[in-house]
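What follows draws every value from the coordinates through simple rules; no lab data is involved. None of the values given here were measured: they were computed from a predicted structure.
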Amino acid sequence: MAMNMMKGMMGDMTYTTIYHMPGKVSEVSNKQAKVSDDGKTVILKIELLEADIPQTLQDQIRYQK
């Protein structure tokens, strides 16, 4: 109930990190991370009010030099 009230007052609360890599990304460890079409940007968006989904900012990014 309290979570629904917070969503009503605050709307969608997200934390987004954007990594611009010097080369093309070959692999990311965080399943929530998205790689751009050109392969050089990784976007990780965390929904702060989604307590039932395990979320982390931890990510290992491998890229081609």
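Here are a few things to note about the model shown:
- Residues of type aspartates and glutamates that residue 45 reaches as a straight line, Cα spacing below 16 Å, ignoring anything fewer than 8 places off in the same chain: 12, 59
- Between the amide H of residue 30 and those of 60, distances stay under 5 Å, these residues lying 5 or more places away or on another chain, with hydrogens modeled in the peptide plane.
- Amide H contacts under 5 Å for residue 55: none, restricted to partners 5 or more places along the chain or on a different chain, H placed in the peptide plane at 1.01 Å from N.
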